[in-house]
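Take a look at the structure set out below.
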Amino acid sequence: MSLSCWEGAQLRARFDTDAVKLACCPDSPPWLKLLGMAAASSLATLFVVRNFFPAEKKVRHPIRANYDVGDEVFVRTMGHLLGPSLVEGNKVTPLENGDQIFPAMLRGIRSAQRTITFENFLFQEGEISDAFAQALADRARAGVKVHFLQDALGCDSVHGRAIELMKCAGVAVEIFRFVHFSRINYRTHRKTLVIDGALGFIGGVGIADSWKGNGRTHGLWRDSHYQVRGPVVAQLQQAFMDNWVETRAELLHGDLYFPKQECAGEQMCQIFKSSAGEGSDSGRLMLLVSIAAARDRIRIANAYFIPDNLTRQTLLEALHRGVKVEIITPGTDIDAQIVRAVGKTRWKPLLEAGARFYEYQPARFHCKYLLVDDCWASVGSANLDNRSMSLNEEANLNVLDRQFVGAYVRVFEEDKMHSREVTLKDWHNRPWKEKIKGRAMSIFRSQM
């Protein structure tokens, strides 16, 4: 008889606990103490190795491109490297901050007639989570097939009222890696929603009250999300299926989930996903090739900017060949001061080479978008840190379209207007406490 994941985890936990008890019991014979200590030690070692020392090799050699962003060879390269090809006929609508994002997503859910697939990282009980739970529950009661995949560590209420409401209404709810000894450090950070296989949403928003507002309020989040129609929605649907099969072992297929896609616009797009088990370097490769192919300007807006050595070197090479680089990061209003301090230890060579850094001031900055040469954009859930590039399950939308990127440059400039530039002198003069914290905690950079 096979064990469920939960039963297996309980047995492992019971074995570990019993082993510790044996090792600590004063009446146990010496050989039994040694056996218990060895078992507990082996289990702890396995946990650390499997979760914090991935064996998969990463690209370490320099990446240089003899083609430009937007060239035909660039398009082919991105398609072959990242999996699905770029497809034409799409329409991407940017949504800025909770005031625009939540109403659009809820309208999409309430419009569903056949299916909903929703994968999410952060879910915190409150007004927003209740609204989403109610909308999903209502559609399930109306006969729509609703599938909700929620990350365990990103949810503060796995057994809370919102989750229970959905379950009671018939929503198929799965908690991603709720008990998974060997992969607890590898989370799904994806935020994807697909309605009837035809309308998609992707970006960085969390389902929480702290995302409400217009991105200008201290303590709340400034964020971006994107509504998508067209053939690329099928790629977004496939990204959801990846983790649904892992978690529920159920294949969702056919016309209900993959209907014939109609042309919705003129944008060429691609959804690519990355995970620690398969294609974990996809996000990093996309970033490196995009930077290497840049010829004029790179604009980066990212919530957690901690570039690895190769990414920083590739940015430096872009600067040395005359590419202008501008980067917006969070200011002091951030949920992870240590991450901010560690990230700033990576700035010096970039500042010296001419990169310009800005820190967003009014609110917490959670955007994740990359704009290259006014024709290429990558937006979605991936931060520019090792956790997103190597550990988490991520999903991003790439857009090759001058009109889209041109419009989004205006969003970047508006974010920049609400930011404070950090010069090389400012970097040198930052508080000693921040410098020490950043240097000391840099040994944990691989987990950030």
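The values are calculated or read from the model by the stated rules, or taken from the named source; none is laboratory data. Small disclaimer: the values here were computed from a predicted structure and weren't measured. Note that we place each Cβ from the backbone using ideal geometry, even for glycine, and neighbour counts take in every protein chain shown. SASA here: full protein model, heavy atoms, side chains in, ligands and nucleic acids out. Shrake-Rupley method; radii C 1.70, N 1.55, O 1.52, S 1.80 Å.
I'd like to check one number: the per residue accessible area of the stretch 100-142, probe 1.4 Å, reported in Å² as a whole number. Walk me through the intermediate numbers first.
Numbers: 1620 Å² over 43 residues.
Counting only protein heavy atoms, the per-residue value for the stretch 100-142 is 38 Å².
I'd like to check one number: the per residue accessible area of the stretch 200-296, probe 1.4 Å, reported in Å² as a whole number.
So the stretch 200-296 comes to 35 Å² accessible per residue, rounded to a whole number.
At 1.4 Å probe size, with the rest of the protein present, what percent of the exposed accessible area of the stretch 86-169 is carbon and sulfur atoms?
The value for the stretch 86-169 is 49 percent carbon and sulfur by accessible area.
Determine the shape class of the stretch 347-389: with a ≥ b ≥ c the square roots of the Cα gyration tensor eigenvalues, call it rounded for a/c under 1.5, and otherwise prolate if a/b is greater than b/c, oblate otherwise.
Because its axes are fairly even, with a/c under 1.5, the stretch 347-389 counts as rounded.
Count the DSSP beta bridges whose two residues both fall in the stretch 49-207, then state the antiparallel fraction as a percent rounded to the nearest 5.
So the antiparallel bridges in the stretch 49-207 amount to around 40 percent.
Sequence neighbours fewer than 8 away in the same chain don't count; with that in mind, list the lysines whose C-alpha is under 17 Å from LYS273.
The qualifying lysines are LYS58, LYS191, LYS368.
So, by mean Cβ neighbours within 10 angstrom, what's the order for 58-65, 133-140 with the highest one leading?
Highest mean packing first, the order is 133-140, 58-65.
Suppose we keep just the DSSP beta bridges with both residues in the stretch 271-401; what percent of those would be antiparallel, to 5?
Working: 18 of 28 bridges.
About 65 percent, rounded to the nearest 5.
Round to a whole number: what % of the accessible area of the stretch 284-378 belongs to carbon and sulfur, probe 1.4 Å? It would help to have the intermediate numbers written out before the result.
Details: 1090 of 2440 Å².
Within the stretch 284-378, the accessible surface is 45 percent carbon and sulfur.
With every protein chain kept in the model, how would you rank LEU256, LEU397, LEU122 by accessible area, 1.4 Å probe, largest at the top?
LEU256, LEU122, LEU397
Using 0.36 nm per residue of separation minus the Cα-Cα distance, give me the extension gain between GLU413 and ARG216 in nm, one decimal.
69.4 nm
Using 0.36 nm times the number of residues separating LEU424 and THR77, minus their current alpha carbon distance, what extension gain do you get?
Roughly 121.3 nm would be gained on extension.
For ARG64 and ARG439 in one chain, what is 0.36 nm times their gap in residues minus the Cα-Cα distance, to one decimal in nm?
That pair, ARG64 and ARG439, stretches by 132.0 nm at full extension.
In Å, what Kirkwood hydrodynamic radius results for the stretch 280-426 from the alpha-carbon pair distances?
Averaging 1/r across every pair of different Cα atoms and inverting gives 15.2 Å.
If you restrict to DSSP beta bridges whose two residues both lie in the stretch 187-327, what percentage is antiparallel, to the nearest 5?
Values: 9 of 13 bridges.
Once the DSSP bridges in the stretch 187-327 are tallied, antiparallel ones form about 70 percent.
Points 7 angstrom from Cα along the Cβ direction at GLN361 and ASP374: gap in nanometres?
Computed distance between label sites GLN361 and ASP374 equals 2.8 nm.
Taking the Cα centre of the stretch 339-448 as origin, sum charge times position over the Cβ atoms of Lys and Arg (+1) and Asp and Glu (-1), and report the length of that vector in debye to the nearest 20.
It comes to approximately 760 debye.
If a/c stays under 1.5 just call it rounded; otherwise compare a/b with b/c (prolate if a/b is bigger, oblate if not). Do that for the stretch 187-307, with a ≥ b ≥ c from the square roots of the Cα gyration tensor eigenvalues. Don't jump to the answer; show the numbers that get you there.
On the way: a/c = 1.45, a/b = 1.27, b/c = 1.14.
Rounded shape, in that the Cα axes give a/c under 1.5.
In Å², what does the accessible area per residue of the stretch 298-378 work out to with a 1.4 Å probe?
Accessible area per residue, the stretch 298-378: 27 Å².
Hey, what do the phi angles of the stretch 101-109 turn into as Karplus ³J(HN,Hα) couplings, whole Hz, using 6.51/-1.76/1.60 and θ = phi - 60°, x for Gly and Pro?
5, 5, x, 5, 5, 5, 4, x, 4
Would you please classify the overall shape of the stretch 197-253 from the alpha carbon gyration tensor, given that a ≥ b ≥ c denote the square roots of the eigenvalues, rounded means a/c under 1.5, and beyond that prolate means a/b larger than b/c while oblate covers the rest?
Oblate, because a/c is 1.5 or more while a/b does not exceed b/c.
Which value in nm describes the separation of the simple spin-label points at GLN238 and GLU88, placed 7 Å from the Cα toward the beta carbon?
2.0 nm
Could you work out how far apart the two model spin labels at ASP296 and GLU266 are, taking each label as a point 7 Å from the Cα in the direction of the beta carbon, and quote it in nm?
It is 1.7 nm.
Any idea what the dipole of the stretch 271-399 comes to, in debye rounded to 20, about its Cα centre with Lys/Arg Cβ at +1 and Asp/Glu Cβ at -1?
Dipole magnitude for the stretch 271-399 comes out near 300 debye.
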